[in-house]
1. In the list 414, 379, 369, which residue meets the criterion of being of a type outside the set (Val, Ile, Thr), closer than 30 Å to residue 181 by Cβ, assigned by TED's automatic domain parsing to the domain that holds residue 279 and assigned to a strand (DSSP E or B)?
2. Identify the single condition in (1) over 19 Å from residue 185 (Cβ atoms); (2) assigned by TED's automatic domain parsing to the domain that holds residue 355; (3) surrounded by 19 or more Cβ atoms within 10 Å (Cβ to Cβ) that residue 403 does not satisfy, given that it satisfies every other one.
3. Output the number of the condition that residue 189 fails; it satisfies all remaining conditions of (1) more than 21 Å from residue 247 (Cα to Cα); (2) in a helix (DSSP H, G or I).
4. Test residue 85 against the criterion of being surrounded by fewer than 17 Cβ atoms within 10 Å (Cβ to Cβ), without any contact (Cβ under 8 Å) to a residue 40 or more places away in the chain, under 27 Å from residue 310 (Cα atoms) and out of contact with any Gly (no Cβ under 7 Å at 6 or more places or on another chain), and give yes or no.
5. From (1) of a type outside the set (D, E, K, R); (2) surrounded by fewer than 23 Cβ atoms within 10 Å (Cβ to Cβ); (3) touching a residue at least 60 places away in the same chain (Cβ under 8 Å); (4) within 21 Å of residue 259 (Cβ to Cβ), pick out the condition that doesn't hold for residue 373.
6. Out of 438, 381, 374, which single residue is under 25 Å from residue 26 (Cα atoms) and at pLDDT below 95?
7. Of the conditions (1) out of contact with any Phe, Trp or Tyr (no Cβ under 7 Å at 6 or more places or on another chain); (2) at pLDDT 95 or above, residue 145 clears all except one; give me its number.
8. Among the numbered conditions (1) charged (D, E, K, R); (2) assigned to a strand (DSSP E or B); (3) surrounded by fewer than 16 Cβ atoms within 10 Å (Cβ to Cβ), tell me where residue 347 comes up short.
Amino acid sequence: MPMASSSPSPVLRHVAMLPFMAKGHTIPLLHLARVLLLRGLASAVTFLATPRDAPFVRAGAPGAAVVELPFPSSTAGPQSMDELPSGSSFLDVVSAAAALEPVFADALAALDPRPDLLVHDGFLAWAADAADDLGVPRLISLGMGAFPSCVSLAVTAQKPHARLSSPSEPFEVDGLPGLRLTKADLNPPFDDPEPAGRHWDFICESGRAMGSSRGTILNSFHELESFYIDKWNREMPLNKMWPVGPLCLAREPVRTLDSDTADWLDARLAMNRPVLYVAFGSQAELSRAQLEEIAAGLDRSDLDFIWVVRSKWFDGEEPFQGRFRGRGKVVQGFIDQLGILSHQAIKGFFSHCGWNSVMESISMGVPILTYPIAAEQKLNAKFVVDVLQVGIRIWPSKREDSEQLVSSDDVETLARELVLGEGGERAAARASELADSARAAVETGGSSFETLELMLHEVREIGRPEAKE
């Protein structure tokens, strides 16, 4: 359901947006642009995007302008997460993106009228200098929720995991009552009490850019993370979190699935056969051994499922050709995930727990089988399972060579529990309640509806920082 329209006159004349070179980071900003234009909160929105990403931006935000930022010919390294080689780090894309700073500064200065606001991805910390030089206020798009932000900050400051006798020993964190963690709930570098190295340097640089901004745009809603949002805003009043989501609900109510996928799902619904949706994001790296464990478990589960895979996992081969007969449908490439999750046949989501996927699943009332792979996804899984109680956790339990794998037995058992069992039934009921809260948050008078306008008014009333000489 699209967010309702509101403002009789635009709060801001012109909002500029700079997304990171990854679809998962770009999509929430496309949704935000839609909301700003639909509600009349901004007269114009302009995206600054690379030529590779510009077509995706134009298709996703048709009311916005796009200015292309070409990479210098001398740029080394991958220029998009879509072209990141196996075994490489997202930090390689972050490093390559820094070559865009001069062309970005020129493009931002040339925008007419001068933007009232720049929204830039937290991965692109160098955008702060150009905006500050021009006196353009900034907000950060972080791409994660309040829960992992609060937990990571508290763990880094308190170092409670420095005193553990084993990695599986639980520990508590001051100021976060009722929460028990282990080192297995933390991704690098936060699992190390004394973090250091390239990844930690990147986090510190991003944190400095965030600290000098007007706050962080949160693709969440207050009712979902109220304790953590309120705690952050009390302790960081100059760098507020602004929960304005779920931004995926800004989309038009008609969601487009390709006819083949839609017909397959419709047929399962007509036969009263519940479907498990399986997708691990656009950046996940899975070994052949892990793919085989997942495939074997799904095959033995006797569930109908639709599994979105990456072609690079299979080196050009046809994935699982004919293996699953009619019960499993394998799809390669980018798919309308919200369209899948909103289909009535879908009764569960086997997910990597990227924040967009979590928000989309909750917004559609679909419980989650959580399989975190990277970034803050372990904490997202902790939040989904232990705090929100809308999911079930699957843990690596099998060792092959040097790799810890999620086993086919666990995939079989837990997928069935999510879709057919009592644990899944409880999670689905809770997810349905949160879906109602999510829709209410973005409707007229809802918490996110009001927060978005308040955020923009505050940016306008504080005014622009003085441009540097």
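1. Step by step, each of 414, 379, 369 is checked, and only 369 is of a type outside the set (Val, Ile, Thr), closer than 30 Å to residue 181 by Cβ, assigned by TED's automatic domain parsing to the domain that holds residue 279 and assigned to a strand (DSSP E or B).
2. Evaluating residue 403 over (1) over 19 Å from residue 185 (Cβ atoms); (2) assigned by TED's automatic domain parsing to the domain that holds residue 355; (3) surrounded by 19 or more Cβ atoms within 10 Å (Cβ to Cβ) leaves (3) as the failure.
3. (2)
4. Numbers: surrounded by fewer than 17 Cβ atoms within 10 Å (Cβ to Cβ): yes; without any contact (Cβ under 8 Å) to a residue 40 or more places away in the chain: yes; under 27 Å from residue 310 (Cα atoms): yes; out of contact with any Gly (no Cβ under 7 Å at 6 or more places or on another chain): yes.
Spelling it out, residue 85 is indeed surrounded by fewer than 17 Cβ atoms within 10 Å (Cβ to Cβ), without any contact (Cβ under 8 Å) to a residue 40 or more places away in the chain, under 27 Å from residue 310 (Cα atoms) and out of contact with any Gly (no Cβ under 7 Å at 6 or more places or on another chain).
5. The failed condition is (4).
6. On the way: 438 fails: at pLDDT below 95; 381 fails: at pLDDT below 95.
374 is the lone residue from the list that is under 25 Å from residue 26 (Cα atoms) and at pLDDT below 95.
7. Among (1) out of contact with any Phe, Trp or Tyr (no Cβ under 7 Å at 6 or more places or on another chain); (2) at pLDDT 95 or above, the lone unmet condition for residue 145 is (1).
8. For residue 347, the failing item is (3).
The values are calculated or read from the model by the stated rules, or taken from the named source; none is laboratory data. All of these numbers come straight from a predicted model, not from anything done at the bench. Note that each Cβ is placed from the backbone with ideal geometry, even for glycine, and that neighbours are counted across all protein chains shown.
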